[in-house]
Amino acid sequence: MHIYKIFRASEWAAMQAGGETLGAPVDLADGYVHFSTKDQVKETVTKWFAGEEGLHILACDSDAMAPHIKWEPSRGGALFPHLYRALRMDDILWVKTLPLGPDGHLFPEDLSQRINE
């Protein structure tokens, strides 16, 4: 299953430079890397990244990262995927910028499709 991580430009640049990351400040504080499913990611962006420019959406395969992925309750009791190890460049299936439009961020039509930057 594809799962999605949102990074600010500086967070994405740091991951590229280091080859891996323990995540954004919220991930470091919580002790795991937060991900969202296809059905959760738009609400995640609206709730935590509203109005922010320079975002990147990364797609990963949750099955390939098992057993380090745990599905745990979060917003509204829904199960969210959490990665309990560093996120590595080889975990990433694709990455794309997430532009900000007049009514919010513009997502790819099909999040499961491979998208080239």
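Listed residues Asp63, Asp39; which is outside any strand (DSSP E or B), modelled with pLDDT of 95 or more and of a type in the set (Asp, Glu)? Matching residue, one of Asp63, Asp39: Asp63.
Run Trp71 past the list (1) touching a Pro at 6+ places or on another chain (Cβ under 7 Å); (2) of a type in the set (Phe, Trp, Tyr); (3) surrounded by 19 or more Cβ atoms within 10 Å (Cβ to Cβ) and report the number of the one that doesn't hold. Condition (3) is where Trp71 drops out. Filtering the stretch 13-31 to residues that are of a type outside the set (A, V, I, L, M), buried (at least 18 other Cβ atoms within 10 Å of the Cβ) and part of a helix (DSSP H, G or I) leaves only Asp27.
Identify the single condition in (1) touching a strand residue (DSSP E or B) at 6+ places or on another chain (Cβ under 8 Å); (2) free of Cβ contacts under 8 Å to residues at least 12 places away in the same chain that Ala66 does not satisfy, given that it satisfies every other one. Single failed check for Ala66: (1).
No other residue among His34, His56 is surrounded by 13 or more Cβ atoms within 10 Å (Cβ to Cβ) and in contact with a His (Cβ under 7 Å, 6 or more places away or on another chain) apart from His34. Here Ala50, Ala24, Ala59, Ala86 are screened, and the one residue that is in contact with a Gly (Cβ under 9 Å, 6 or more places away or on another chain), among the small types (Gly, Ala, Ser) and closer than 15 Å to Phe7 by Cβ is Ala86. Cβ separations smaller than 6 Å between residues 6+ apart or across chains give the following pairs from the stretch 1-26 residues that are touching a residue at least 24 places away in the same chain (Cβ under 8 Å) and among the small types (Gly, Ala, Ser) to residues that are crowded, with 19+ Cβ neighbours inside 10 Å and assigned to a strand (DSSP E or B): Gly23/Val33.
Screening Gly51 on (1) in a loop (DSSP other than H, G, I, E, B); (2) within 21 Å of Ser62 (Cβ to Cβ) shows it passes everything except condition (2).
The values are calculated or read from the model by the stated rules, or taken from the named source; none is laboratory data. Since we're looking at a predicted model, the values are computed, not measured. Glycine gets a Cβ as well: all are built from the backbone with ideal geometry, and neighbour counts include every protein chain shown.
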